């Protein structure tokens, strides 16, 4: 009797929560600010004999003083007063009056800023869009501000279920800065909702690169979302995304999911599966009956009974594992024939005295299965000079040294692995990189 094979799903991996626009790199929605308070100082200038342009008290978002023309100053202040008071009835007329007398770019910037503020207060995306477009047309707006405003507007359109409009304004933000992380995440969210999963994954990847380039750590939820989405579409990039996730946020859970993604997408051989599950055990990432049964049955089928015996003993105290089930008791019955350590030591001594590289690797594996990692290493080294499979010998040497705590030696051996075992070695190197 065997446990029913469980299909790897996004639900099992915990990767199903959809990314929302609020999950921008900062972790909160974009909240642009527009500071364009205009002081009417014309009378004071007359009294004090002050020189300079009218409206010298006005500032842009970056603190730059605005050059508000004297003829437009009163109309802009009237508009600003109406917006501040949320006097919805009078705003259209005040806006038209200010636009009629605007002359300088800064006049147009101040008017457009008030348009945006009025639109935000009314929560009317279309009105905000007119204002932001006017800000851009004024030529006085700062690019980062425009990017933030168009990105926030995209969120508002998306919340209003106006997806086409959301894409239009987010495309405007992308044209201004193609590497703005919140914009990329917003677009990825929309593409995912539209069913354009591959494009959503590509946008997530681009956001990760942009974050790293700016020295900002990618949110774990974004790695998890992207890896799950890529896995769901069976995209090869899922493996790389899963590795990035576990590299940035190593934990038993991230290791388990990363290794499960690789196993499911790449269909490793039995030997490779065992080495991946050995890594899972080293990372404390085995969880539940499916993991323990998969590992135990693979070990038994490969004749690695001592290691299977140790694993099944651990399963008895593992959470969410009922080792009294027939599937486990059947395996337990088979490992009673596991060789004792003394017999394994004798076989290792005999293998070292011989000239058979394969026998040396097998003897090393038997010691590894008993947890004798340091003692297994010399056999793998000897196999390299006796015609043993160099890729396998280096892989198992690196694994044994890693478990024995020899990080430099393990790194050198794993870096020498080539061919079909290279991916497995990369995972072990990744685990090593997280160790002190």
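The values are calculated or read from the model by the stated rules, or taken from the named source; none is laboratory data. Please read all numbers here as calculations on a predicted model, not as lab measurements. As a convention, Cβ positions derive from the backbone with ideal geometry for all residues, glycine included, and neighbour counts pool all protein chains shown.
Considering only the range 152-222, give the helices (runs of 4 or more DSSP H) lying wholly within it that have at least 2 residues that are in the same structural domain as residue 128 (by TED's automatic domain parsing) and either more than 20 Å from the chain's Cα centre (by Cα) or crowded, with 22+ Cβ neighbours inside 10 Å (or both).
Details: elements: 163-176, 181-193, 197-213.
The qualifying helices (runs of 4 or more DSSP H) are 163-176.
Pick out the one residue from 89, 112, 75, 98 that is in the same structural domain as residue 173 (by TED's automatic domain parsing), over 25 Å from residue 163 (Cβ atoms), modelled with pLDDT of 95 or more and exposed (fewer than 15 other Cβ atoms within 10 Å of the Cβ).
89
Surrounded by 21 or more Cβ atoms within 10 Å (Cβ to Cβ), in contact (Cβ under 8 Å) with a residue 12 or more places away in the chain and not in a helix (DSSP H, G or I), is that true of residue 299?
no
Tell me which residues, restricted to the range 315-330, are touching a residue at least 60 places away in the same chain (Cβ under 8 Å) and surrounded by 13 or more Cβ atoms within 10 Å (Cβ to Cβ).
Of everything in the range 315-330, those that are touching a residue at least 60 places away in the same chain (Cβ under 8 Å) and surrounded by 13 or more Cβ atoms within 10 Å (Cβ to Cβ) turn out to be 325, 327, 330.
Please go through the range 350-379 and pick out each residue that is buried (at least 21 other Cβ atoms within 10 Å of the Cβ) and over 22 Å from residue 340 (Cβ atoms). Write out each step before concluding.
At the first step, the residues of the range 350-379 found to be buried (at least 21 other Cβ atoms within 10 Å of the Cβ) are 351, 357, 360-361, 363-369, 376-377, 379.
Within the range 350-379, 357 is the sole residue that qualifies.
Could you list all residues from the range 115-128 that are in contact (Cβ under 8 Å) with a residue 40 or more places away in the chain and either under 31 Å from the mean Cα position of the chain (by Cα) or surrounded by 24 or more Cβ atoms within 10 Å (Cβ to Cβ) (or both)?
Of everything in the range 115-128, those that are in contact (Cβ under 8 Å) with a residue 40 or more places away in the chain and either under 31 Å from the mean Cα position of the chain (by Cα) or surrounded by 24 or more Cβ atoms within 10 Å (Cβ to Cβ) (or both) turn out to be 116, 125.
Search the range 223-238 for residues being without any contact (Cβ under 8 Å) to a residue 40 or more places away in the chain and part of a helix (DSSP H, G or I), and hand back the single one that is surrounded by the fewest Cβ atoms within 10 Å (Cβ to Cβ).
Going through the qualifying residues, I end up with 237.
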